[in-house]
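The values are calculated or read from the model by the stated rules, or taken from the named source; none is laboratory data. This structure is a prediction, so every number in the text was calculated from the model and none was measured. Neighbour counts are summed over all protein chains in view; Cβ atoms, including those assigned to glycine, are modelled from backbone coordinates with ideal geometry.
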């Protein structure tokens, strides 16, 4: 669920959520404007909303790069290529 939907359905304002999470209101407004929060704030929001808004909702997974994927064999490492 998107944060905006959660706020609308629960009747909580962005400012009130910010106060309950003990963060500056502009951080919540930034998320509502489409900016990704830092992981710590995303976790706080997920806990506060009891999982209705997840970290994945707030910080969608970026495409996995080859650097982040472990190689399964020497062939995958391309050690001999120059």
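I'd like to verify a number: residues in the range 49-82 that are part of a helix (DSSP H, G or I), closer than 26 Å to residue 2 by Cα and either touching a helix residue (DSSP H, G or I) at 6+ places or on another chain (Cβ under 6 Å) or at pLDDT below 75 (or both), how many? If you could, list the steps in order and put the result at the bottom.
The first filter runs over the range 49-82 and keeps only residues part of a helix (DSSP H, G or I), leaving 55-58, 66-68, 74-77.
Narrowing further to those that are closer than 26 Å to residue 2 by Cα: 55-58.
Now restrict to residues that are either touching a helix residue (DSSP H, G or I) at 6+ places or on another chain (Cβ under 6 Å) or at pLDDT below 75 (or both): 55, 58.
Residues that pass the stated criteria total 2.
If you take the residues in the range 11-48 that are under 13 Å from the mean Cα position of the chain (by Cα) and not in a helix (DSSP H, G or I), which one is surrounded by the fewest Cβ atoms within 10 Å (Cβ to Cβ)?
Checked the range 11-48; the qualifying residue surrounded by the fewest Cβ atoms within 10 Å (Cβ to Cβ) is 34.
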